[in-house]
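Colleague: Let me begin by handing over the structure; questions about it come next.
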Amino acid sequence: MGAQSLAGCVVGTTRETAGALDDGLVARGASVVHVPLISTVDIPADPLDHEVHWVVVTSRHGAERIGAWWHGGLRCAAVGTETAAVVTDTIGVAVDVIPEVQTAAALVEAMPIPGHDAHSVLVLQGDLATTEVADRLADRGYDVQRRVVYGTRPLVPSPHDVDRLLRSDVITFASGSAVRAFAALVGGRPVPPVVVIGPSTAAVANAVGVRVDAVASPHSVDGLVHAVTTLSIPRHS
């Protein structure tokens with residue numbers, strides 16, 4: 001398959017909503033089968049123990065919920081360009097820190113050395129996220145408060161939609177939770193080539209027995225689209 005066109009290729013997507021990923025694939029000529037495998041729900045969180053100087057978001061779902069915690073004078077860091085774009089769309093401000101490599105470790109390394117006037121940070125995450133970002137920030141000297149503001153729940157699509165997904169030429173995953181839901185649905189059935197958005201999603205896939213054929217680089221929606229274009233897979237006529 002060439003790196004520019006996906007004409008004749010059927011790509012399965014599994015995110016909660018069709019959006020930039022589906023649009024990017026269609027723009028390359030692909031036919032998209034969108035079967036959501038997860039949904040997100042709000043989780044009430046405790047108020048802050050004290051004021052913070054930074055808000056860090058590690059997913060688009062956290063970014064969508066930043067407004068409840070935001071006020072003038074805060075600074076913001078986001079794990080990637082898509083998450084940063086959601087922040088800007090939600091609260092109308094530019095994100096101060098976006099790492100070049102879209103991983104938790106790179107996000108923490110991109111943060112400035114904490115000073116007396118900018119040492120306190122709030123991390124907004126989901127209920128399945130690890131404490132890696134919070135722990136690494138604390139190791140760097142930040143005073144960290146972590147709040148779980150949304151939950152991820154598996155969806156059960158119809159058998160017809162599962163069949164459509166499995167008949168795709170390639171399936172994409174943008175989160176580990178979607179991979180877990182997929183593995184629970186398909187059991188030992190044959191699975192098309194799989195492309196994931198980053199190493200953490202790949203690790204989940206390996207843990208649940210889903211073979212990964214490619215990992216996006218960069219770890220973003222654009223990188224995911226590009227990774228699909230580089231796979232050598234048969235196309236539908």
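The values are calculated or read from the model by the stated rules, or taken from the named source; none is laboratory data. In this text the structure is predicted, and so the values were computed from the model without any measurement. Neighbour counts are summed over all protein chains in view; Cβ atoms, including those assigned to glycine, are modelled from backbone coordinates with ideal geometry.
For (1) assigned by TED's automatic domain parsing to the domain that holds Arg146; (2) modelled with pLDDT of 95 or more; (3) surrounded by fewer than 17 Cβ atoms within 10 Å (Cβ to Cβ), each residue gets a yes or a no:
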| position | (1), (2), (3) |
| --- | --- |
| Ser5 | no, no, yes |
| Glu16 | no, no, no |
| Val52 | yes, yes, no |
| Ser59 | yes, no, no |
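Colleague: In addition: Return yes or no: is Gly223 out of contact with any helix residue (DSSP H, G or I) (no Cβ under 9 Å at 6 or more places or on another chain) and either free of Cβ contacts under 8 Å to residues at least 60 places away in the same chain or over 18 Å from Ile38 (Cβ atoms) (or both)?
Modeller: Details: out of contact with any helix residue (DSSP H, G or I) (no Cβ under 9 Å at 6 or more places or on another chain): yes; either free of Cβ contacts under 8 Å to residues at least 60 places away in the same chain or over 18 Å from Ile38 (Cβ atoms) (or both): yes.
So Gly223 passes the test.
Colleague: Next question, about the same structure. For region 124-237, list the helices (runs of 4 or more DSSP H) that sit wholly inside it and hold at least 1 residues that are within 28 Å of Ala45 (Cβ to Cβ); which are they?
Modeller: Details: elements: 132-139, 159-166, 176-186, 199-207, 221-229.
Here the list reads 132-139, 176-186, 199-207, 221-229.
Colleague: Just need a number here: residues in region 119-155 that are at pLDDT below 95 and hydrophobic (A, V, I, L, M, F, W, C).
Modeller: The total comes to 2.
Colleague: As an exercise: evaluate Val52 against (1) assigned to a loop (DSSP other than H, G, I, E, B); (2) under 16 Å from the mean Cα position of the chain (by Cα); (3) of a type in the set (Val, Ile, Thr) and give the number of the one condition it does not meet.
Modeller: The one condition Val52 does not meet is (2).
Colleague: Can you confirm whether region 60-81 contains a residue that is assigned to a helix (DSSP H, G or I), in contact (Cβ under 8 Å) with a residue 40 or more places away in the chain and hydroxyl-bearing (Ser, Thr, Tyr)?
Modeller: Scanning region 60-81 turns up at least one residue that is assigned to a helix (DSSP H, G or I), in contact (Cβ under 8 Å) with a residue 40 or more places away in the chain and hydroxyl-bearing (Ser, Thr, Tyr).
Colleague: Considering only residues that are outside any helix (DSSP H, G or I) and on the phi < 0 side of the Ramachandran plot, which ones fall in region 16-35?
Modeller: The answer is Glu16, Thr17, Ala18, Gly19, Arg28, Ala30, Ser31, Val32, Val33, His34, Val35.
Colleague: Which one of the conditions (1) charged (D, E, K, R); (2) touching a residue at least 24 places away in the same chain (Cβ under 8 Å); (3) closer than 29 Å to Pro193 by Cα does Asp163 fail to meet, given that it meets all the rest?
Modeller: (2)
Colleague: For Val93, are the conditions met, namely being of a type in the set (Val, Ile, Thr), touching a residue at least 40 places away in the same chain (Cβ under 8 Å), assigned to a loop (DSSP other than H, G, I, E, B) and surrounded by 12 or more Cβ atoms within 10 Å (Cβ to Cβ)?
Modeller: So Val93 does not fit the description; no.
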